[in-house]
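See below for the structure under consideration.
The values are calculated or read from the model by the stated rules, or taken from the named source; none is laboratory data. Here the structure is a predicted model, which is why all the values come from computation and not from measurement. Note: ideal-geometry Cβ built from the backbone for every residue, glycine included; neighbour counts use all protein chains shown. Only protein heavy atoms, including side chains, enter the accessible area calculation; ligands, DNA and RNA are left aside. Shrake-Rupley method; radii C 1.70, N 1.55, O 1.52, S 1.80 Å.
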Amino acid sequence: MRVFIDSGSSVNVIFKEALVQMDLQGYHLEAVETAFFGFAGHVVYPKGEIVLPLTLGSQDLKKTVMTSFTVVDSPSSYKIILGRLAMNELRAVASTYHQKIKFPMGDQVGEVRGDQPSSRKCYVEAVRADQSKTRREGKKARVDEVGGGVVEKGEVHFVAEEEQEELAGISPLISEHHLNILSGDHLVKQKKRHFDLEKDKVIDEQVRDLLKAGHIREIQFPTWLSNVVLVPKSTEKWRLCVDFRDLNKACPKDHYPLPRIEQLVDSTSGFKMLSFMDAYQGYHQIPLAKNDQDKASFITS
């Protein structure tokens, strides 16, 4: 049975064809109303959820756990997708480089070995299926009317179930950030750093964007003053940051940081509706308390 290990999936998936082939007598599916995204770029509605025993290992070292699988009726090169849910329950670690999964068994370590030729075959089949599906839908889109207009030749559009809205900001009545400056710490005004003309231009453009969006404002007499820093992105562009190291030193350390993001994502699995905050530049969406805003002042050319 072909099994795909997907560390990016918050659920385990078993495809309906595989479930039928298992010939389980009188199995019952729990209803699931949450839609899935990411199957060849489409929305997929699960058929239900079922709890099954999952066994990994060799003859000498086997480990079995009862875990939940979401049933999906969709063509796939694989029969089962094991996500973080199963991997966490098994306390397993996967290595794509070594094509292995290892998991603890008392004072020993169990192991499952992947098959390189089979993996390549599954990958090729998946790519061919996606390309074929895209061609079919692209051909159909050229003759279908979409929103009163006709899609141009060669274009393929995927429309979400509902419109996405920008989250402009969060009201201070709901949440705002406060700075806890330790008593006795002196105010720090960093000496202004100088950049070359090219970087000064980048800084000026990004500051203007922040001013236009209303995320920052000008101040004449700051109590603290920090410099900006340009950090290169993987896209060969620049990210504008502020050197708050002096300010951070004057604030107490948070001994209870946020939990791992994977745990937060996994905890939302199975719910029909979610409230969300767009994480894109999310630090601009929660306002800083007005009394603390001058402490976050920065200087540019």
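Name the residues in segment 9-23 that are open to solvent by less than 60 Å² (accessible area, probe 1.4 Å) and either under 11 Å from I50 (Cα atoms) or out of contact with any helix residue (DSSP H, G or I) (no Cβ under 8 Å at 6 or more places or on another chain) (or both), would you? Can you show your working first?
Within segment 9-23, the subset open to solvent by less than 60 Å² (accessible area, probe 1.4 Å) is 9-15, 18-19.
The answer is N12, V13, I14, F15, A18, L19.
Residues being over 29 Å from the mean Cα position of the chain (by Cα), more than 11 Å from N227 (Cβ to Cβ) and open to solvent by 50 Å² or more (accessible area, probe 1.4 Å): count how many of those fall in segment 285-300.
Filtering segment 285-300 for residues over 29 Å from the mean Cα position of the chain (by Cα) gives 290-295, 297-300.
This time we only want the ones that are more than 11 Å from N227 (Cβ to Cβ), so: 290-295.
From the residues that got through so far, the ones that are open to solvent by 50 Å² or more (accessible area, probe 1.4 Å) too are 290-291, 293.
Number satisfying all stated conditions: 3.
Can you report the number of residues in segment 215-238 which are in a loop (DSSP other than H, G, I, E, B) and either open to solvent by less than 50 Å² (accessible area, probe 1.4 Å) or more than 24 Å from I286 (Cβ to Cβ) (or both)? Full working, then the answer.
In the first step, residues of segment 215-238 are kept if they are in a loop (DSSP other than H, G, I, E, B); the result is 215-224, 233-237.
Still in the running and either open to solvent by less than 50 Å² (accessible area, probe 1.4 Å) or more than 24 Å from I286 (Cβ to Cβ) (or both): 216, 220-224, 234-237.
Summing the residues that are in a loop (DSSP other than H, G, I, E, B) and either open to solvent by less than 50 Å² (accessible area, probe 1.4 Å) or more than 24 Å from I286 (Cβ to Cβ) (or both) in segment 215-238 gives 10.
Checking the condition among the hydroxyl-bearing types (S, T, Y) and either free of Cβ contacts under 8 Å to residues at least 24 places away in the same chain or under 25 Å from Q263 (Cβ atoms) (or both), which residue from S74, S118, S10 passes? Steps first, answer last, please.
Values: S74 fails: either free of Cβ contacts under 8 Å to residues at least 24 places away in the same chain or under 25 Å from Q263 (Cβ atoms) (or both); S118 fails: either free of Cβ contacts under 8 Å to residues at least 24 places away in the same chain or under 25 Å from Q263 (Cβ atoms) (or both).
Sole residue among the options that is among the hydroxyl-bearing types (S, T, Y) and either free of Cβ contacts under 8 Å to residues at least 24 places away in the same chain or under 25 Å from Q263 (Cβ atoms) (or both): S10.
Take K212 and decide whether it is open to solvent by 100 Å² or more (accessible area, probe 1.4 Å) and modelled with pLDDT of 85 or more.
Yes.
Just to check your reading of the model, which residue among M66, M87 is in contact with a Pro (Cβ under 7 Å, 6 or more places away or on another chain) and either open to solvent by 80 Å² or more (accessible area, probe 1.4 Å) or not in a strand (DSSP E or B) (or both)? Step through it out loud before you land on a result.
Values: M87 fails: in contact with a Pro (Cβ under 7 Å, 6 or more places away or on another chain).
Step by step, each of M66, M87 is checked, and only M66 is in contact with a Pro (Cβ under 7 Å, 6 or more places away or on another chain) and either open to solvent by 80 Å² or more (accessible area, probe 1.4 Å) or not in a strand (DSSP E or B) (or both).
Tell me, which residue of segment 239-284 that is open to solvent by less than 60 Å² (accessible area, probe 1.4 Å), not hydrophobic (A, V, I, L, M, F, W, C) and not in a loop (DSSP other than H, G, I, E, B) is modelled with the highest pLDDT?
D246
May I ask you to list the residues in segment 176-188 that are out of contact with any helix residue (DSSP H, G or I) (no Cβ under 9 Å at 6 or more places or on another chain) and closer than 15 Å to F221 by Cα?
Once the filter is applied, which keeps residues that are out of contact with any helix residue (DSSP H, G or I) (no Cβ under 9 Å at 6 or more places or on another chain) and closer than 15 Å to F221 by Cα, segment 176-188 yields nothing.
Take L54 and tell me if it is out of contact with any Gly (no Cβ under 8 Å at 6 or more places or on another chain), in a strand (DSSP E or B), aliphatic (A, V, I, L, M) and within 21 Å of C122 (Cβ to Cβ).
Details: out of contact with any Gly (no Cβ under 8 Å at 6 or more places or on another chain): yes; in a strand (DSSP E or B): yes; aliphatic (A, V, I, L, M): yes; within 21 Å of C122 (Cβ to Cβ): yes.
Yes: the conditions hold for L54.
State yes or no: is D185 open to solvent by less than 100 Å² (accessible area, probe 1.4 Å), under 19 Å from A289 (Cβ atoms) and among the acidic types (D, E)? Reasoning before the result, please.
On the way: open to solvent by less than 100 Å² (accessible area, probe 1.4 Å): yes; under 19 Å from A289 (Cβ atoms): yes; among the acidic types (D, E): yes.
Answer is yes for this residue.
Take the residues in segment 173-213 that are in a loop (DSSP other than H, G, I, E, B) and among the hydrophobic types (A, V, I, L, M, F, W, C), then tell me which one is nearest to F244 (Cα to Cα).
Within segment 173-213, the first condition is being in a loop (DSSP other than H, G, I, E, B), and the residues that meet it are 173-176, 178-188, 190-196.
From what's left, among the hydrophobic types (A, V, I, L, M, F, W, C): 173-174, 179, 181-182, 187-188, 195.
Values: L173: 26, I174: 25, L179: 12, I181: 13, L182: 15, L187: 12, V188: 10, F195: 18 Å.
Here the answer is V188.
Out of (1) surrounded by 12 or more Cβ atoms within 10 Å (Cβ to Cβ); (2) out of contact with any His (no Cβ under 9 Å at 6 or more places or on another chain); (3) closer than 30 Å to L264 by Cα; (4) modelled with pLDDT of 75 or more, what's the single condition that is false for A126?
Here A126 clears every test but (4).
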